[in-house]
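The values are calculated or read from the model by the stated rules, or taken from the named source; none is laboratory data. These figures come from a predicted structure and were not determined experimentally. So basically every Cβ, Gly included, is an ideal-geometry build from the backbone, and we count neighbours across all protein chains shown. We work out accessible area using only protein heavy atoms, side chains counted, and drop any ligands, DNA or RNA first. Shrake-Rupley method; radii C 1.70, N 1.55, O 1.52, S 1.80 Å.
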Amino acid sequence: MLGEALLREKSSRFLDRNWSRVCYTYYRFRQKAGMLSAPEDVQWLATARCNLRCKHCGTDAGAAAPDELTTDEIKAVLDELADLGTLYLTLTGGEPLVREDLFEVLHYAAALGIQYNIVTNATFVPKFEEEFRKLPPASVKVSIDGPPETHAYIRGDGNNFEACMHALTFFKSLDISTRVICTTLNQRNVGEVEELFKYVRSSDATFWEFHLPTLEGRAAANADWMCLTQQQTRWMFDFILENKHLFPIFMGEGCGYTGAFTRRIYDGRRFFCGAGWSTFTLMHDGRVAGCPAFEKQWTEGSVRETSVTDLWRNGFKRFREIYKHLDAECRRCTYLNACHGGCWMQRRTGDHCYKEVWEEKLQD
């Protein structure tokens, strides 16, 4: 029994140090064998339109874009996704609930066997309660970026905090088990996380997820206070580790690999960026990317010009040939097999490596 326990421990440590490489090798093998894995979860930026003007919004959402996919176009995409084996469509935006044909599209997806997740600012949830009852999401995420006053400052709406809390209660009534509060941390709200925690624990959320901003869109315009300092990032790690026994708190994957702390801050998961392997993003205008990308150079093409199937089978080389696209420092790094360059969105804007933070914490 002792020998088995030691073997399990050694195996676990090996996987901790090499998980990204293991996953990458698995997906590459399937690709070369002609068994490319399905895009299991496709994120769809349903619209660029939004009723809020959040200061960290990478989409710079506001008015609808003039070239958004039509109802027929998104249904054609869904037909292909169903053939490829997609299981989930994750809705974001902009604010997806302002898209007038949204539930028509979702019922079409459901008929194809595709469930949906929704990321919403919650403003319009009351308007669509009957539609949600008829077709509930697999999961829901609402964004709360601080206690009420700070949340109102960041999002530009003094009533939105209560709308988010009401939405969590509503989705609980539908027995949606995965109800997530998402908080995008910045220099102005990180000092209020402990106060916000009181609201989180009293809410009907089942999880609390931290995100780091990506310096695009309005976030780039507020770059002077948008990104956490190294000291604040260290504090964030400490907060998660010290409080996760009180409530399920975890990081979104923006921090990449975080050494011995990875599974503890990622809700038990090891880090692997599945962009281009198990997921991709469909932009509001039909362009396809590994994760949300607003410049053409970061996209794989458009569903208006190339079929989804062809894009999936033949694109995404920046992910599927990852070593060609990492800089020299990443390729030389001791943790390459565990990290593979971390979060692609963060790497695009040059703020993706938190090695100094967690290595320093290991010395405690």
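Going residue by residue through the range 90-101, is there one that turns out to be in contact with a strand residue (DSSP E or B) (Cβ under 6 Å, 6 or more places away or on another chain), part of a strand (DSSP E or B) and surrounded by fewer than 20 Cβ atoms within 10 Å (Cβ to Cβ)? No, the range 90-101 has no match at all.
Residue count for the range 1-59 under the criterion of being touching a Pro at 6+ places or on another chain (Cβ under 7 Å) and either of a type in the set (A, V, I, L, M, F, W, C) or in a helix (DSSP H, G or I) (or both): the result is 2. Taking the listed residues 40, 4, the one that is acidic (Asp, Glu), within 28 Å of residue 271 (Cβ to Cβ) and modelled with pLDDT under 95 is 4, with no other qualifying.
Of the residues making up the range 332-361, those that are open to solvent by 80 Å² or more (accessible area, probe 1.4 Å) and either part of a helix (DSSP H, G or I) or farther than 18 Å from residue 255 by Cβ (or both) number 3.
The residues of the range 311-331 that are buried (at least 19 other Cβ atoms within 10 Å of the Cβ) and within 17 Å of residue 346 (Cα to Cα), listed by number, are 319, 322, 330. Selection over the range 184-199 of residues that are within 16 Å of residue 164 (Cβ to Cβ), open to solvent by 10 Å² or more (accessible area, probe 1.4 Å) and either among the polar types (S, T, N, Q) or touching a Leu at 6+ places or on another chain (Cβ under 7 Å) (or both) gives a count of 1. Being among the charged types (D, E, K, R), under 28 Å from residue 82 (Cβ atoms) and in contact (Cβ under 8 Å) with a residue 40 or more places away in the chain is a property that holds for residue 253. Within the range 148-183, being open to solvent by less than 20 Å² (accessible area, probe 1.4 Å), touching a Leu at 6+ places or on another chain (Cβ under 9 Å) and either of a type in the set (S, T, N, Q) or farther than 19 Å from residue 246 by Cα (or both) holds for 151, 155, 160, 183. Among the residues making up the range 62-80, those that are assigned to a loop (DSSP other than H, G, I, E, B), in contact (Cβ under 8 Å) with a residue 60 or more places away in the chain and aliphatic (A, V, I, L, M) are 65, 69. If you go through the range 65-80 and keep only what is among the hydrophobic types (A, V, I, L, M, F, W, C), surrounded by fewer than 20 Cβ atoms within 10 Å (Cβ to Cβ) and under 17 Å from residue 312 (Cα atoms), you end up with just 76.
Filtering the range 238-278 to residues that are over 18 Å from residue 200 (Cα atoms), open to solvent by 10 Å² or more (accessible area, probe 1.4 Å), part of a loop (DSSP other than H, G, I, E, B) and in contact with an Asp or Glu (Cβ under 8 Å, 6 or more places away or on another chain) leaves 270, 273, 278.
If you go through the range 200-219 and pick out every residue that is among the basic types (Lys, Arg) and touching a Gly at 6+ places or on another chain (Cβ under 8 Å), you end up with 1. Looking across the range 285-310, the residues that are surrounded by fewer than 21 Cβ atoms within 10 Å (Cβ to Cβ) and part of a helix (DSSP H, G or I) come down to 296, 297, 298, 309, 310. The C-beta contact set for the range 331-342 (first residue touching a residue at least 24 places away in the same chain (Cβ under 8 Å) and closer than 17 Å to residue 277 by Cα, second residue surrounded by fewer than 20 Cβ atoms within 10 Å (Cβ to Cβ) and small (Gly, Ala, Ser), distance under 7 angstrom, 6+ apart or interchain) is empty. Look at (1) in contact (Cβ under 8 Å) with a residue 24 or more places away in the chain; (2) surrounded by 13 or more Cβ atoms within 10 Å (Cβ to Cβ) and you find that residue 83 fails only one, number (2). Of the residues that sit in the range 224-237 and are open to solvent by 50 Å² or more (accessible area, probe 1.4 Å) and either touching a helix residue (DSSP H, G or I) at 6+ places or on another chain (Cβ under 8 Å) or assigned to a helix (DSSP H, G or I) (or both), which one is nearest to residue 153 (Cα to Cα)? Result: 224.
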